[in-house]
Amino acid sequence: MSLDIASLAQGLDQAAAQARAVPQFAPGSFNLAQAYEIQRTSMARRVARGDGIRGIKLGFTSRAKMVQMGVSDLIWGWLTETMIEEEGGTVDLARYIHPRVEPELCFLTRRTIDRPITALEAVDYIEAVAPALEIIDSRYENFKFTLEDVVADNCSSAGVVVGSWSRNFEGLANAGVSVAFGGRQVLAGSTAAILGNPLRSLVQASRLLADCGQSLPAGSLIMAGAATVAQALTPATHVQCEINQLGRVEFFTGAQT
Ligand code: OOG
Ligand code: MG
């Protein structure tokens, strides 16, 4: 039986739009290349509804995340306009299924990325960097998935909160990261956990894009991947992330789930 990419993409797209979990696929239902096709097809459905592509995100760039989710390969997915949550604003948890938050860095690109770039070139391609919080929300029940499942589900992408931009690229390699809920620290780590240096996320992003013949226009966002494990969001909580050298990023969660 041939694989019905369109209907798998539709199911995941609807699960995201309605914030309703779906069962994981049976193991071996599709391979990684097919998973990226499902991802692309489900994103095309979003774009057809008027959502715009804003950039890309990398996943599993840190060991902490790989171990937490039981997978061991770098993945990538798309960020869209409707995923951008207001910095300092209130996130409506009803839009999400079982959201988790993770501390990241976000890059703003200044040149089109249309070929694999080296670590030395990476700084030339970025306009600015900001501390960021990613809200991930697997569309699969119990947040359980295989590598293929999570890729098909656009790598759990759901929300992005970006702090103030700066051009402080020197401090990026090994900056302290901490996340607090209501003033109490819940996560701590270092940006060095992101591929040894978050600038390497740009190198990896450029390779992954080239591998599938895509380019990324200037002015796009690139989320580098989490520096620590993800933490489940709770209602009525002040969530703040501080990254040394880069500053803070924060949001509140609404009272309703
Ligand atoms: C997949 C997304 C992983 C990261 O930063 O490593 C990710 C997941 O854990 O649900 O966004
Ligand atoms: Mg992430």
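One table, with the values for the structure above:
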item	result
Relative contact order computed over the range 37-195 (Cα-Cα under 8 Å; 6+ residues apart), in percent	24
For the range 71-86, Karplus couplings with θ = phi - 60° (6.51, -1.76, 1.60), whole Hz, Gly/Pro x	10, 9, 9, 5, 10, 8, x, 9, 10, 10, 3, 6, 7, 6, 9, 6
Interchain or long-range residues, amide H under 5 Å from residue 228's placed H	none
Residue-by-residue Karplus 3J(HN,Hα) for the range 164-176, coefficients 6.51, -1.76, 1.60, Hz, glycine and proline x	6, 6, 8, 10, 7, 7, 5, x, 6, 5, 8, 9, x
Residue-averaged 222 nm ellipticity for the chain, from DSSP H runs of 4+ at -39500 (n - 2.57), nearest 500	-7000 deg cm²/dmol
Under 5 Å, built H, 5+ apart or other chain: amide partners of residue 22	140, 141
Extension gain (nm, one decimal) between residue 244 and residue 128, 0.36 nm per residue minus Cα-Cα	40.2 nm
Radius of gyration and maximum dimension Dmax of the range 167-227, Cα, Å	14.3, 44
In Hz, Karplus ³J(HN,Hα) per residue of the range 140-147 (6.51, -1.76, 1.60; θ = phi - 60°; x = Gly, Pro)	8, 3, 6, 6, 10, 7, 8, 4
Ranked packing of 145-151, 223-229, most packed first, by mean Cβ within 10 Å	223-229, 145-151
Sites matching trypsin sites (Lys or Arg not before Pro) across the range 94-192 that sit in DSSP coil, with at most 12 neighbouring C-beta atoms within 10 Å	167
Packing rank of 76-89, 196-209, where each peptide gets the mean count of other beta carbons within 10 Å, highest leading	196-209, 76-89
Built amide H within the under 5 Å cut-off of residue 76, gap 5+	59
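Each reported figure results from applying straightforward, stated rules to the coordinates on display, with no laboratory input. Worth saying up front: this structure is predicted, and the values here are computed from it rather than measured. Glycine also receives a Cβ, built like all others from the backbone with ideal geometry; neighbour counts cover every protein chain displayed.
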